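The values are calculated or read from the model by the stated rules, or taken from the named source; none is laboratory data. All values derive from a computational prediction rather than experimental measurement. Glycine also receives a Cβ, built like all others from the backbone with ideal geometry; neighbour counts cover every protein chain displayed.
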Amino acid sequence: MRGARSRCGARFDQRRSSNQAYRLDSGQGLGSGDPERPFELIYRSDAARAVPGGAGIGLLVCRQLIEAMGGRMWANPPDGGGAEFGFTLPIVDNDL
């Protein structure tokens, strides 16, 4: 989205059982305000529908893949607007 600022990051902690990655932006936000709505099949926010392209299935597919690997994915409306999308994946023992 033009004019939106974005920040990406990751948190890695060997003492914990998972790693976390996230993306935070200052754009239009989650639209409906419901953080679960973007993960619905064929959901596109009003702002996304104003731009050509996209089918509204990407976040659903991402969440299903992450959950299949034992992780979780979420969306949050941070204070001040915008949106945060993040996921965790379990740490895999390399000694297998």
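The set of residues in the stretch 80-93 being surrounded by fewer than 16 Cβ atoms within 10 Å (Cβ to Cβ) and at pLDDT 80 or above consists of Leu89, Pro90, Ile91.
Quick one: is Ala55 farther than 23 Å from Arg7 by Cα and of a type in the set (Gly, Ala, Ser)? So Ala55 fits the description; yes. Within the stretch 7-33, the residues that satisfy the criterion of being surrounded by fewer than 12 Cβ atoms within 10 Å (Cβ to Cβ) and either modelled with pLDDT under 70 or within 16 Å of Ala83 (Cα to Cα) (or both) are Arg7, Cys8, Gly9, Ala10, Phe12, Asp13, Gln14, Arg15, Gly33. One residue stands out in the stretch 35-75 among those that are surrounded by fewer than 15 Cβ atoms within 10 Å (Cβ to Cβ) and among the small types (Gly, Ala, Ser): the one that is modelled with the highest pLDDT, namely Ala68.
Could you tell me whether Asp93 is among the charged types (D, E, K, R), free of Cβ contacts under 8 Å to residues at least 24 places away in the same chain, farther than 18 Å from Arg7 by Cβ and in a loop (DSSP other than H, G, I, E, B)?
Numbers: among the charged types (D, E, K, R): yes; free of Cβ contacts under 8 Å to residues at least 24 places away in the same chain: yes; farther than 18 Å from Arg7 by Cβ: yes; in a loop (DSSP other than H, G, I, E, B): yes.
The answer is yes for Asp93.
For the stretch 54-77, a residue qualifies if it is in contact with a Pro (Cβ under 6 Å, 6 or more places away or on another chain) and free of Cβ contacts under 8 Å to residues at least 40 places away in the same chain, and the qualifying residues are Leu59, Gly70.
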